[in-house]
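Novice: Attaching a single structure in structure tokens format; questions to follow.
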Amino acid sequence: MFFTRLPLWKWVSVDKEYFKRIVHLWSFTGWFTALVMILVFGISIRFFPLHIAVILAIAARVILTGGLHEDGFADFCDAFGCFADKQRTLDIMKDSHIGTYGVIGLALYFLLLTFTLCSLPMLFIPSAFCADPFCKFVSSNIINVLPYARNEQTAKNKLVYDKMNAKEWIVSLVFGCMPLALLPSASLLWAVLTPIIVAAVLFHFMNKRINGYTGDCCGATFIICELSFYMTLLAIVYA
């Protein structure tokens, strides 16, 4: 209901308080969104060239999630690209309009993601199923590391996530890391280090700029971490 655009709200009513403790299930949702990508890719590759199949797979996930993470990434690029003060940065992220940095960021992201995945045709299925859940696990730790930069009244969705307890963190870890067993070579596991390092750098950067995180920061962290995972896989393969 929260991480996809599936109209589950038509059949199930969930109290707002439960949404404060859903971030640990983000990596589990990654299984579903990754499988949709893989399914679309598997069907498309039978009828279209590789690059078309990859683009259709990426588009399928964007449609499924409603561009939730990409929207956050664009807002993040606009806000942090201008090097404004904390309040101005927060105001830009809340603005529904997209600016130059957001457009450039999305263009570069989709170009790099498409060409990287096109360069990993034999690894598309295992890497897609690993990257999505694992990078969502890594990104979800933002709520444990940083405070929320706004308050509940000024938040976009009027919601502030609670930090994970030990049990929730383990659940997130398990769902995020289990798919890594599908990687065909142990050497490819080195790719998990890059998203962890990237997330740590981003968390430090966010803390310096706005003394915390926002929902857009969550989406941006996932987008950047996942791309870094794929690019590291490609670097390992080419090496």
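Novice: For the subset of the stretch 204-239 comprising residues that are aromatic (Phe, Trp, Tyr) and crowded, with 20+ Cβ neighbours inside 10 Å, which member is nearest to GLY30 (Cα to Cα)?
Specialist: PHE222
Novice: Just a yes or no: is a residue in the stretch 110-127 of a type in the set (Gly, Ala, Ser), under 19 Å from LEU193 (Cβ atoms) and either touching a helix residue (DSSP H, G or I) at 6+ places or on another chain (Cβ under 8 Å) or at pLDDT below 95 (or both)?
Specialist: The answer is yes, given that some residue of the stretch 110-127 is of a type in the set (Gly, Ala, Ser), under 19 Å from LEU193 (Cβ atoms) and either touching a helix residue (DSSP H, G or I) at 6+ places or on another chain (Cβ under 8 Å) or at pLDDT below 95 (or both).
Novice: What about LYS167, is it of a type outside the set (Phe, Trp, Tyr), over 19 Å from the mean Cα position of the chain (by Cα), in a helix (DSSP H, G or I) and within 27 Å of GLU17 (Cβ to Cβ)? Full working, then the answer.
Specialist: Numbers: of a type outside the set (Phe, Trp, Tyr): yes; over 19 Å from the mean Cα position of the chain (by Cα): yes; in a helix (DSSP H, G or I): yes; within 27 Å of GLU17 (Cβ to Cβ): yes.
Yes; evaluated as a whole, the condition is true for this residue.
Novice: When the stretch 83-127 is examined, which residues are found to be over 15 Å from MET206 (Cβ atoms), of a type outside the set (A, V, I, L, M) and outside any helix (DSSP H, G or I)?
Specialist: Result: ASP95, SER96, HIS97, GLY99, SER119.
Novice: Also, I was wondering about something else. Considering only the stretch 68-81, I want to know if a residue exists there that is surrounded by fewer than 17 Cβ atoms within 10 Å (Cβ to Cβ) and over 30 Å from PHE124 (Cβ atoms).
Specialist: Residues of the stretch 68-81 that are surrounded by fewer than 17 Cβ atoms within 10 Å (Cβ to Cβ), as a first pass: 81.
Keeping just the survivors that are over 30 Å from PHE124 (Cβ atoms) gives 81.
Looking through the stretch 68-81, at least one residue is surrounded by fewer than 17 Cβ atoms within 10 Å (Cβ to Cβ) and over 30 Å from PHE124 (Cβ atoms).
Novice: When only residues in the stretch 111-133 that are touching a residue at least 60 places away in the same chain (Cβ under 8 Å) and among the aliphatic types (A, V, I, L, M) count, which is nearest to TRP26 (Cα to Cα)?
Specialist: For the stretch 111-133, the residue satisfying everything is ALA131.
Novice: Could we say that PHE48 is under 15 Å from the mean Cα position of the chain (by Cα), surrounded by fewer than 18 Cβ atoms within 10 Å (Cβ to Cβ) and aromatic (Phe, Trp, Tyr) here? If you could, list the steps in order and put the result at the bottom.
Specialist: Values: under 15 Å from the mean Cα position of the chain (by Cα): no; surrounded by fewer than 18 Cβ atoms within 10 Å (Cβ to Cβ): yes; aromatic (Phe, Trp, Tyr): yes.
Against the criterion (under 15 Å from the mean Cα position of the chain (by Cα), surrounded by fewer than 18 Cβ atoms within 10 Å (Cβ to Cβ) and aromatic (Phe, Trp, Tyr)), PHE48 does not qualify.
Novice: Could you grab me the full set of residues in the stretch 117-147 that are hydroxyl-bearing (Ser, Thr, Tyr) and crowded, with 20+ Cβ neighbours inside 10 Å?
Specialist: Selection gives SER127, SER139, SER140.
Novice: In addition: Looking only at the stretch 6-23, count every residue that is surrounded by 13 or more Cβ atoms within 10 Å (Cβ to Cβ) and closer than 29 Å to ILE55 by Cα and tell me the total.
Specialist: Result for the stretch 6-23: 1.
The values are calculated or read from the model by the stated rules, or taken from the named source; none is laboratory data. If you're wondering where the values come from, they're calculated on a predicted model, not measured in any experiment. Using ideal geometry, Cβ is built from the backbone for each residue, glycine included, and neighbour counts are taken over all protein chains shown.
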